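Structure first, then comments.
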Amino acid sequence: MKELEQIEIATLSAYRQLSDNIIREFGTIAIMQKDLNERKEKAEKALDDNRKGQQDYLNSLQAKYGEGELDLTRGLFIPAKRQQVEVPPTPAPESSKPGPKRINKSKKESKE
């Protein structure tokens, strides 16, 4: 059996200490990552809740004021310009047209 030199013992001890520090750092990172994931989930929920609340509020404003735009700087509601679409008149059914009316007899009636 041979005895190790002090420098060798010191070097190996330094490596062991460094390894222990690295392992602790990985543990710290894992814990921080878990905390960040929880924070991220909370932020995502808050974002979803905010979007839903905003959309619900906009829907209530639309029900109150109608279609249009909001100018928050001036505090105004600007109604949407409605495009007027011309609808062609619907042709009247055969029975309501003036003139002689057709009477369709069933086959049974026409044989008599």
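Results, tabulated for the structure shown:
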| read-out | value |
| --- | --- |
| Index of the failed condition, Ile22 passing every other in (1) modelled with pLDDT under 95; (2) in a helix (DSSP H, G or I) | (1) |
| Flag for Tyr57 being touching a strand residue (DSSP E or B) at 6+ places or on another chain (Cβ under 6 Å), at pLDDT 90 or above and of a type in the set (Phe, Trp, Tyr) | no |
| Among the residues listed as Ala43, Ala14, Ala30, the single one being over 36 Å from the mean Cα position of the chain (by Cα), part of a helix (DSSP H, G or I) and either modelled with pLDDT of 95 or more or surrounded by 10 or more Cβ atoms within 10 Å (Cβ to Cβ) (or both) | Ala14 |
| Out of Leu58, Leu47, Leu36, sole residue that is out of contact with any His (no Cβ under 8 Å at 6 or more places or on another chain), closer than 25 Å to Ala80 by Cβ and not small (Gly, Ala, Ser) | Leu58 |
| Yes/no for Glu109 being part of a helix (DSSP H, G or I), modelled with pLDDT under 85 and either acidic (Asp, Glu) or within 50 Å of the chain's Cα centre (by Cα) (or both) | yes |
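The values are calculated or read from the model by the stated rules, or taken from the named source; none is laboratory data. Everything numeric here is computed off the predicted structure, so don't read it as measured data. So basically every Cβ, Gly included, is an ideal-geometry build from the backbone, and we count neighbours across all protein chains shown.
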